[in-house]
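Note sheet for the following structure.
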Amino acid sequence: MGVKIQAVKGMNDILPVADKDSVWTSADWLAFEEIAHKWLAQYGYKNIRTPMIEPTGLFVRSIGTDTDVVGKERYTFDDYGESLSLRPEGTASCLRAVVEHNLLYNSPQKLWYMGAMFRHEKPQKGRYRQFHQIGVEALGYAGADTDAEIIAMCWDLWQKLGIKDCVQLEINCLGNREERAAHRTALVGYLQQNEHILDEDSRRRMITNPLRVLDSKNPDLQAMIENAPKLSDYLKEGSLKHYNTLKNILNVLEIPFVENHRLVRGLDYYNATVFEWTTDKLGAQGTICGGGRYDGLIEELGGKATPSIGFAIGIERLLLLVKSHGVLKADNSPDIYAMYQGEDAQPHLMRAVQDLRSNGFSVLTHGADQKLGTQFKKADASGAKFALIVGENEVLSGSLTVKNLQTGEQKTVEFDNVIETINSF
Ligand code: ATP
Ligand code: MG
């Protein structure tokens, strides 16, 4: 016997049945995707699909070298002399495609994507090496109303999924380049004074990306971080106005939020509004959605300057939360379970089954000539509402038997009357 091969660590199969490794089934995923597709259409977003592999330079340039995603977690390989990477997130690829195909030529774009992302992290509940994100990008929208709209859009989805009471919205304003530069000077001065207590990561970031020191989870640094110069004290009129407009709209829409001046997000490209949706129900992996403005990124990637904002939701984390605290109706069951006995019955049954399918019914065929008792057990287990049976008697009389599996009611009818009988039960 051959040796069994296992999936790569941190990369999961999504199966039709829940097993010890997963709380969800592929039916849960499909149910979520159906809700998500309608939701995205309600907000006018159009789908974009990009390759899972991109030139490494795309991620280095957009996400930044001193970020976990590009620094430590990157899946990079040599493709006959060219360095390629598996995508760790969706925004960079989306913008690369938009610039490459000149999509912003004469109108702004609202785009959504969904798919697998790859990061070499330590696998644990809610943190995988292949995971999935669904995200939106509103490209060419400068106003705070768009910031508010995409936050409202998330709130709407949490409501649709029954988890709005389990999540919290945190927002912050990162200002513009000049404001960040002034703050940075003050922050670096402060960090230098405290250099003796910094850990290795923070010492490095103090030089490469000091704002991210504020993002450190190291408990020994929290008091120092709490007293660091705050970016909010360096924001000027334009940034403050944008931020206040956003907060005002959120208040009008009655979307609860807290301001977290330490929220800087893990990727380098953000400015102005940033936000995260977190939950305390998933332990350490508590962020289910993160987003923000990236007004300078499209220009950085060779396009024309285009103010933009987006977010990404981690689907595994969202589904963990929905399965434990929310609602998701996933139905894998066919309408009808079809069975036969005797070789002559096969074509007779198949004709009826194809006819039912073309009339919109879902039909699962048993697919083997077994005892009726065995077939009925499978029919019950399938969750089907009706059984369709063709045995020798039915072949002789040119009829079929329809049974309502919930009430036990049963009728033998002619081929042309099957649908009518099902509808009458
Ligand atoms: P974290 O701080 O948990 O590592 P992040 O800031 O790296 O998250 P983002 O890059 O903002 O995450 O990605 C958006 C969302 O994608 C996250 O909020 C999370 O829900 C999900 N996500 C990120 N990394 C993973 C992963 N390795 N496994 C599962 N979901 C993930
Ligand atoms: Mg991360």
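Regarding TYR243, is this residue among the aromatic types (Phe, Trp, Tyr) and under 28 Å from the mean Cα position of the chain (by Cα)?
When the stated conditions are applied, TYR243 passes them.
I'd like the residue in segment 369-425 that is among the aliphatic types (A, V, I, L, M) and assigned to a loop (DSSP other than H, G, I, E, B) and, out of all such residues, is surrounded by the most Cβ atoms within 10 Å (Cβ to Cβ).
Pass one, segment 369-425, residues among the aliphatic types (A, V, I, L, M): 372, 379, 381, 384, 387-390, 395-396, 400, 402, 405, 413, 418-419, 422.
Checking the rest, the ones that are also assigned to a loop (DSSP other than H, G, I, E, B) come to 384, 405.
Numbers: ALA384: 21, LEU405: 19.
Among residues in segment 369-425 that are among the aliphatic types (A, V, I, L, M) and assigned to a loop (DSSP other than H, G, I, E, B), the one surrounded by the most Cβ atoms within 10 Å (Cβ to Cβ) is ALA384.
Does GLU178 satisfy the condition of being away from ligand 2 (no atom under 15 Å from the Cβ), open to solvent by 10 Å² or more (accessible area, probe 1.4 Å) and more than 19 Å from the chain's Cα centre (by Cα)? Before you say what the answer is, go through the steps one by one.
Numbers: away from ligand 2 (no atom under 15 Å from the Cβ): yes; open to solvent by 10 Å² or more (accessible area, probe 1.4 Å): yes; more than 19 Å from the chain's Cα centre (by Cα): yes.
Criteria met by GLU178.
Looking only at residues of segment 326-338 that are open to solvent by 10 Å² or more (accessible area, probe 1.4 Å) and farther than 30 Å from PRO123 by Cα, we find that the one that is nearest to ligand 1 (Cβ to nearest atom) is SER333. In segment 86-145, the qualifying residues are those that are in contact with a Ser or Thr (Cβ under 6 Å, 6 or more places away or on another chain) and within 16 Å of ligand 2 (Cβ to nearest atom), and the one that is least open to solvent (accessible area, probe 1.4 Å) is ALA92. Screening segment 40-148 for strands (runs of 3 or more DSSP E) wholly inside it with 3 or more residues that are hydrophobic (A, V, I, L, M, F, W, C) and within 13 Å of ligand 1 (Cβ to nearest atom) returns the ranges 109-118, 130-139.
Working carefully through the options LYS9, LYS46, LYS20, LYS38, find the one that is at pLDDT 95 or above, open to solvent by 70 Å² or more (accessible area, probe 1.4 Å) and not assigned by TED's automatic domain parsing to the domain that holds THR91. Reasoning before the result, please.
Values: LYS46 fails: not assigned by TED's automatic domain parsing to the domain that holds THR91; LYS20 fails: at pLDDT 95 or above; LYS38 fails: not assigned by TED's automatic domain parsing to the domain that holds THR91.
None of the others qualify; the one that does is LYS9.
Being crowded, with 18+ Cβ neighbours inside 10 Å, of a type outside the set (A, V, I, L, M, F, W, C) and under 17 Å from the mean Cα position of the chain (by Cα) is a description that does not apply to GLY162.
Please work out if GLU259 is open to solvent by 30 Å² or more (accessible area, probe 1.4 Å) and either polar (S, T, N, Q) or without any contact (Cβ under 8 Å) to a residue 12 or more places away in the chain (or both).
Working: open to solvent by 30 Å² or more (accessible area, probe 1.4 Å): yes; either polar (S, T, N, Q) or without any contact (Cβ under 8 Å) to a residue 12 or more places away in the chain (or both): no.
The answer is no for GLU259.
Consider ASP215 carefully, then state whether it is within 29 Å of HIS242 (Cα to Cα), among the acidic types (Asp, Glu) and either assigned by TED's automatic domain parsing to the domain that holds THR273 or free of Cβ contacts under 8 Å to residues at least 60 places away in the same chain (or both). Yes.
Looking across segment 276-325 at every residue that is more than 11 Å from ligand 1 (Cβ to nearest atom) and within 16 Å of the chain's Cα centre (by Cα), the one that is most open to solvent (accessible area, probe 1.4 Å) is identified as LYS323.
Taking helices (runs of 4 or more DSSP H) that do not extend beyond segment 218-327, which have at least 2 residues that are of a type in the set (S, T, N, Q) and at pLDDT 95 or above? Step through it out loud before you land on a result.
Values: elements: 222-226, 237-252, 297-300, 315-325.
Filter on segment 218-327 gives 237-252.
Residue-level check: of (1) away from ligand 1 (no atom under 16 Å from the Cβ); (2) open to solvent by less than 30 Å² (accessible area, probe 1.4 Å); (3) closer than 29 Å to SER324 by Cα, TYR243 misses just (3). Evaluating GLN341 against the criteria (1) surrounded by fewer than 19 Cβ atoms within 10 Å (Cβ to Cβ); (2) out of contact with any helix residue (DSSP H, G or I) (no Cβ under 6 Å at 6 or more places or on another chain) leaves one unmet condition, (1).
Is at least one residue of segment 336-355 without any contact (Cβ under 8 Å) to a residue 60 or more places away in the chain, part of a strand (DSSP E or B) and of a type in the set (Ser, Thr, Tyr)? Yes, because at least one residue in segment 336-355 is without any contact (Cβ under 8 Å) to a residue 60 or more places away in the chain, part of a strand (DSSP E or B) and of a type in the set (Ser, Thr, Tyr). Taken over segment 188-228, the criterion of being within 30 Å of the chain's Cα centre (by Cα) and β-branched (Val, Ile, Thr) is satisfied by VAL213 alone.
On the given criteria, is CYS173 surrounded by 19 or more Cβ atoms within 10 Å (Cβ to Cβ) and within 26 Å of GLU226 (Cβ to Cβ)? Quick ask: steps written out before the conclusion?
Working: surrounded by 19 or more Cβ atoms within 10 Å (Cβ to Cβ): yes; within 26 Å of GLU226 (Cβ to Cβ): yes.
Judged against the criteria, CYS173 is a match.
Based on this model, can you work out whether LEU349 counts as more than 29 Å from ALA31 (Cα to Cα), surrounded by fewer than 19 Cβ atoms within 10 Å (Cβ to Cβ) and among the hydrophobic types (A, V, I, L, M, F, W, C)?
Numbers: more than 29 Å from ALA31 (Cα to Cα): yes; surrounded by fewer than 19 Cβ atoms within 10 Å (Cβ to Cβ): no; among the hydrophobic types (A, V, I, L, M, F, W, C): yes.
When the stated conditions are applied, LEU349 does not pass them.
Scanning segment 287-331 for residues that are within 16 Å of ligand 2 (Cβ to nearest atom) and either free of Cβ contacts under 8 Å to residues at least 24 places away in the same chain or under 20 Å from HIS242 (Cα atoms) (or both) yields a count of 4.
The values are calculated or read from the model by the stated rules, or taken from the named source; none is laboratory data. Keep in mind that what you see is a predicted model, and the values were worked out from it rather than measured. Cβ: placed from backbone, ideal geometry, glycine included. Neighbour counts: every protein chain shown. Quick note on the areas: whole protein, heavy atoms, side chains included, nothing else; ligands and nucleic acids left out. Shrake-Rupley method; radii C 1.70, N 1.55, O 1.52, S 1.80 Å.
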